[in-house]
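Engineer: My structure is below; once you've seen it, I'll send some questions.
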Amino acid sequence: MSDDTRLICPAPIGQYAQIVMAHGGGGRLMQQLLERLVRPAFANPHLDQRHDSAVLDVGGKRLAFTTDGYVVKPLFFPGGDIGKLAVCGTLNDLAMSGAKPLFLSAALVIEEGFPVDDLARVLASMNAAAQAAGTAIVTGDTKVVENGKGDGLYIATSGIGLIEHDLQIAPAGIREGDAILLSGDIGRHGVAIIAEREGLGFETAVESDCADLSGLVMQLLAAGVELHCLRDLTRGGLAAAVLELARDAGFDMELNEDAIPVATPVRGACEILGFDPLYVANEGRMVLFVPASAVGRAMDVLHAHPLGRDASLIGRVGAAGEGRVGLRNPYGIVRVLDLPSGEQLPRIC
C-alpha cells in the first residue's frame with residue numbers, strides 16, 4: 001500500500017498534544033486536564049478538597065478563598081454582562097462553602113480598541129453586584145493587549161469569605177440517604193447566551209439566571225438547615241455538577257427527571273437547537289445535599305426567597321459506589337448519565 005493511501009488511526013479521544021476548546025467546557029476533557037496535569041502540578045491538601053473554594057484555617061478563623069476567569073461571548077446578554085457574571089460567580093463559589101463574602105479582587109485584560117463607554121458599563125455592573133452582596137472590590141490589575149488578541153475583555157476575579165459556622169459543607173460531607181434539592185429551573189444562562197450570540201429570535205425571550213446566591217445560603221444557615229454540600233451549576237449544567245460530586249464523594253445517586261424544573265421557553269429552545277437542558281449552563285442555580293430530615297425546613301427557606309421559589313426535591317444519594325448517576329424518567333426507566341467530552345456551547349462564562 002502506498003504512503004498516500006495508508007489508513008491513519010486518529011489518537012483516542014482525550015489524548016491531545018494541544019489544548020482544544022473542549023478542555024474548558026466542564027465535561028470529560030476538562031476533568032482529564034485537571035486530573036492529569038493541573039492537580040499533579042499543584043498537589044496539596046487544600047486543592048484536594050475538590051470544592052468551589054478552598055477552606056483555610058487562618059489564625060483560628062476559617063476562610064474560604066476562590067478565583068475564576070470569565071471569557072463569555074457576547075459580553076452583554078439578557079439578564080447580565082461579563083462584569084455581573086464575574087462578581088456573582090465568585091460570590092457563588094464562596095457561598096458553596098457557606099462563607100460570608102468579605103473582599104473581592106478583579107483583573108482586567110482589555111483588548112486595544114475596546115470602547116471606553118462599554119468598559120465603564122461593565123465596571124459599574126461589577127460594583128453594583130459587589131455592593132448588593134455587602135462586599136467590595138478592593139484590589140486588582142489591568143492589562144491591555146494588541147487589537148485582535150483579546151476578544152474585547154477578559155476578567156479574572158478572586159474572593160475571600162468568612163465561615164462562621166461549624167458545618168463542613170463540601171463533597172466529603174455527602175452521606176447515603178441525603179436528599180438532593182435544586183434551587184430553581186435550569187438552562188436559562190446557556191439559552192440566553194446562544195440566543196444573543198446567534199441573533200435567534202425566539203417567541204419568548206429568555207434571560208440569564210445570573211445572580212448572587214450568597215444571601216440565600218446565609219438564610220439557609222441562619223434557619224439552622226444542616227447543609228452537607230452545595231454546588232452552583234455553571235459549565236456542564238446540572239448533570240456535570242451532580243456527576244462530579246458523585247465521583248468525588250464516592251456515592252451512586254439518582255435524579256427524578258419529572259422533578260427537574262425547566263421553563264417552557266428554555267425547553268423549546270433546547271428542542272430546536274438539539275441541546276439537553278441537563279447539560280446547559282446556569283449562573284444562579286445550585287444543588288443542595290441535605291439529610292432527609294432537613295428537607296422541609298430547607299424547602300421553606302428556599303421557597304420564601306426570590307432565587308429559590310421554584311426549588312424542588314430532585315433526587316437521593318444512594319449507597320457508596322463508583323459515583324454513577326441515574327436519571328429516572330416518567331416511565332420508570334433509568335438511564336445512566338455521563339459527562340460529555342466538551343460542552344454544547346463554548347465561551348459561556
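The values are calculated or read from the model by the stated rules, or taken from the named source; none is laboratory data. Bear in mind that the values here come from a model prediction, so they are computed numbers and not experimental data. Glycine also receives a Cβ, built like all others from the backbone with ideal geometry; neighbour counts cover every protein chain displayed. The accessibility values were calculated without ligands, DNA or RNA, using every heavy atom of the protein model including side chains. Shrake-Rupley method; radii C 1.70, N 1.55, O 1.52, S 1.80 Å.
Engineer: With the cut-off at 1.5 for a/c, could you classify the stretch 215-321 from its C-alpha gyration tensor as rounded, prolate or oblate? Please report the intermediate quantities before stating the final value.
Structural biologist: Working: a/c = 1.94, a/b = 1.25, b/c = 1.55.
In terms of gyration-tensor shape, oblate.
Engineer: Modelling each spin label as a point 7 Å along the Cα-to-Cβ direction, I'd like the Ala172/Thr139 distance in nm, to one decimal.
Structural biologist: 2.8
Engineer: The stretch 290-349: D in µm²/s via Stokes-Einstein (Kirkwood Rh, Cα pairs, 20 °C, 1.002 mPa s)? Could the numbers behind the result be given before it?
Structural biologist: Working: Rh = 14.9 Å.
In µm²/s, the coefficient rounds to 144.
Engineer: Could you tell me the calculated FRET efficiency between Leu200 and His303, based on Cβ-Cβ distance and R0 = 30 angstrom, to the nearest 0.05? Intermediate results must be reported in sequence, preceding the final value.
Structural biologist: On the way: r = 32 Å, r/R0 = 1.07.
Efficiency computed from Cβ-Cβ geometry: 0.40.
Engineer: What spacing in nm lies between the two simple spin-label points modelled at Glu207 and Ala128, each 7 Å away from Cα in the Cβ direction?
Structural biologist: Simple spin-label model gives 1.1 nm for this pair.
Engineer: Counting only helical runs of four or more DSSP H residues, what would the 222 nm mean residue ellipticity of the chain come to if each run contributes -39,500 (n - 2.57) and the total is spread over all its residues? Walk me through the intermediate numbers first.
Structural biologist: Numbers: 8 runs with 89 residues, N = 349.
Result for the chain: -7500 deg cm²/dmol, rounded to the nearest 500.
Engineer: Could you tell me the center-to-center distance, by alpha carbons, between the stretch 167-245 and the stretch 131-156 in angstrom?
Structural biologist: Each part's Cα centre sits 24 Å from the other's.
Engineer: Using 0.36 nm times the number of residues separating Asn147 and Asp338, minus their current alpha carbon distance, what extension gain do you get? Walk me through the numbers before you get to the answer.
Structural biologist: Details: separation 191, 0.36 × 191 = 68.76 nm, distance 3.98 nm.
The Asn147-Asp338 span can extend by a further 64.8 nm.
Engineer: Starting from 0.36 nm per residue, how many nanometres of slack lie between Val20 and Val295 once their C-alpha separation is accounted for? Intermediate results must be reported in sequence, preceding the final value.
Structural biologist: On the way: separation 275, 0.36 × 275 = 99.00 nm, distance 4.14 nm.
Stretched fully, the Val20-Val295 segment lengthens by 94.9 nm.
Engineer: Assuming a ≥ b ≥ c are the square roots of the Cα gyration tensor eigenvalues, decide whether the stretch 25-77 counts as rounded (a/c under 1.5), prolate (otherwise, with a/b larger than b/c) or oblate.
Structural biologist: Oblate, since a/c reaches 1.5 and b/c is not below a/b.
Engineer: Can you send over the carbon and sulfur percentage of the accessible area for the stretch 104-205, probe radius 1.4 Å, protein chains only?
Structural biologist: Values: 2500 of 5020 Å².
With neighbouring chains kept in place, the figure for the stretch 104-205 is 50 percent.
Engineer: Can you pull a Stokes-Einstein diffusion coefficient for the stretch 84-243 at 10 °C (1.306 mPa s), Rh from Kirkwood over Cα pairs, as a whole number of µm²/s? Display every interim value, and only then the final one.
Structural biologist: Values: Rh = 17.7 Å.
The calculation lands on 90 µm²/s.
Engineer: Then there is this: Roll a 1.4 Å probe over the protein heavy atoms and report the accessible area of Phe103 in Å², nearest 10.
Structural biologist: 110
Engineer: Here is a further query. Hey, can you find the accessible area per residue of the chain for me, probe 1.4 Å, expressed in square angstrom? If you can, show how the numbers build up before the last one.
Structural biologist: On the way: 16380 Å² over 349 residues.
Using a 1.4 Å probe on heavy atoms only, each residue of the chain averages 47 Å².
Engineer: Compute a Gaussian network model of the chain, connecting alpha carbons closer than 10 Å, and tell me which residue from Cys270, Cys88, Cys229 fluctuates the most.
Structural biologist: Answer for the Gaussian network model of the chain: Cys270.
Engineer: Kindly list the residues of the stretch 117-139 that lie in the label zone of Val58, defined by a backbone N under 17 Å from the point 7 Å along the Cα-to-C-beta vector.
Structural biologist: Only 135-139 pass the distance filter.
Engineer: Quick one: among Arg50, Arg231, Arg36, which has the greatest mean-square fluctuation in a GNM of the chain with alpha-carbon springs under 10 angstrom?
Structural biologist: Arg36
Engineer: Pick from Val280, Val71, Val144: which is most flexible by mean-square fluctuation in a GNM of the chain where alpha carbon atoms under 10 Å apart are linked?
Structural biologist: Residue with maximal mean-square fluctuation among Val280, Val71, Val144: Val144.
Engineer: Through the Karplus equation 6.51 cos²θ - 1.76 cosθ + 1.60, θ set to phi - 60°, convert the phi angles of the stretch 326-334 into ³J(HN,Hα) values in whole Hz; use x for Gly and Pro.
Structural biologist: Ordered by residue, 3J(HN,Hα) equals x, 10, 8, 8, x, 9, x, 8, 10 Hz.
Engineer: Could you give the distance between the Cα centres of the stretch 19-65 and the stretch 266-336, to the whole Å?
Structural biologist: For the stretch 19-65 versus the stretch 266-336, the Cα centre distance is 24 Å.
Engineer: Just how large is the dipole of the chain about the Cα centre, in debye to the nearest 20, putting +1 at every Lys and Arg Cβ and -1 at every Asp and Glu Cβ? Intermediate values should be presented prior to the final figure.
Structural biologist: On the way: 28 positive and 43 negative charges, 93 e Å.
Charge dipole of the chain: 440 debye, to the nearest 20.
Engineer: Which residues among the stretch 166-206 fall inside the zone where the amide N is under 18 Å from a point 7 Å beyond the Cα of His46, along Cα→Cβ?
Structural biologist: The answer is 169-171.
Engineer: Determine the order of Tyr154, Tyr70 by accessible area, beginning with the largest, at a probe radius of 1.4 Å. Please report the intermediate quantities before stating the final value.
Structural biologist: Values: Tyr154 70, Tyr70 5 Å².
My answer, sorted largest first, is Tyr154, Tyr70.
Engineer: For the stretch 241-337, which whole percent of the accessible surface, found with a 1.4 angstrom probe, sits on carbon and sulfur atoms?
Structural biologist: On the way: 2220 of 4290 Å².
Carbon and sulfur together cover 52 percent of it.
Engineer: Tell me, what ³J(HN,Hα) does each residue in the stretch 159-171 have, in order and in whole Hz, if you take phi through Karplus 6.51 cos²θ - 1.76 cosθ + 1.60 with θ = phi - 60° and put x for Gly and Pro?
Structural biologist: Whole-Hz 3J(HN,Hα) from phi for the stretch 159-171: x, 10, x, 9, 9, 10, 9, 9, 6, 9, 8, 6, x.
Engineer: How would Asp300, Asp232 rank on accessible area, largest to smallest, probe 1.4 Å?
Structural biologist: Working: Asp300 110, Asp232 10 Å².
My answer, sorted largest first, is Asp300, Asp232.
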